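Below you'll find the structure, written out as structure tokens, and then a few comments.
Coordinate-derived values only; no laboratory data. Quantities reported herein were computed from a predicted structural model and do not represent experimental measurements. Reconstructed Cβ throughout: ideal geometry from the backbone, glycine too, with neighbour counts over all protein chains shown.
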Amino acid sequence: MVTLDLDHLKKIVGNDPAFLRQVLQIFIDNAPKDVAELSRFAQDGDHEKVAFFAHKLKSASGAIGFNEAYEAFRDIEALAKSMGPIDTIQEQVEGMASHCVACMVDIETIMKGL
């Protein structure tokens with residue numbers, strides 16, 4: 001199960017359960033599309049686009065308190081910006097892509113508990 005630091009999110013947006021659910025829903029709606037783009041650009045070997053989408057996902061993950069994903073996307077972004085080995089980047093992206101798909105169900109469960 002994914003762990004979210006909801007206290008972090010509450011500091012940013014407040015403690016209104018409906019608004020918290022709305023923010024998490026935005027993540028659920030957008031993250032899979034961004035992960036798909038990240039995966040595509042990793043397969044294409046496009047370091048610049050990988051860095052862009054990793055940064056975008058890092059920011060979104062950090063905002064909702066999904067610290068594990070924040071750290072992973074931060075590492076992918078740094079590798080891409082430093083023109084790291086594309087096979088290493090691809091491996092890390094693939095791992096996060098499958099993890100993020102699975103975590104969407106967990107985030108929906110968390111939303112229902114708000």
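Some observations on this one:
- J(HN,Hα) series, the range 88-93, from Karplus relation 6.51 cos²θ - 1.76 cosθ + 1.60, nearest Hz, glycine and proline x: 5, 4, 4, 5, 5, 5
- All aspartates and glutamates inside 15 Å of Lys112 as judged from Cα atoms, apart from same-chain residues fewer than 8 positions distant: Asp16
- The HN-Hα couplings worked out from phi for the range 51-59 by the Karplus form 6.51 cos²θ - 1.76 cosθ + 1.60 (θ = phi - 60°) are 4, 4, 6, 5, 5, 4, 6, 4, 4 Hz, whole numbers, x standing for Gly and Pro.
- Against the chain, whose longest principal axis is taken from its Cα atoms, helix 17-44 shows a tilt of about 10°.
- If the segment from Val13 to Lys112 were pulled out straight at 0.36 nm per residue, it would be longer than the present Cα-Cα gap by 33.9 nm.
- The GluC sites (Glu not before Pro) of the range 55-113 include none that DSSP puts in a loop with a beta carbon having at most 14 other beta carbons within 10 Å.
- Exceeding the 29 Å Cα-Cα cut-off - candidates Lys10/Lys49; Lys11/Lys33; Lys11/Lys56: Lys10/Lys49
- Annotation: amide H of Phe66 within the under-5 Å range of Asp5, sequence separation 5 or more or interchain, hydrogens built in the peptide plane.
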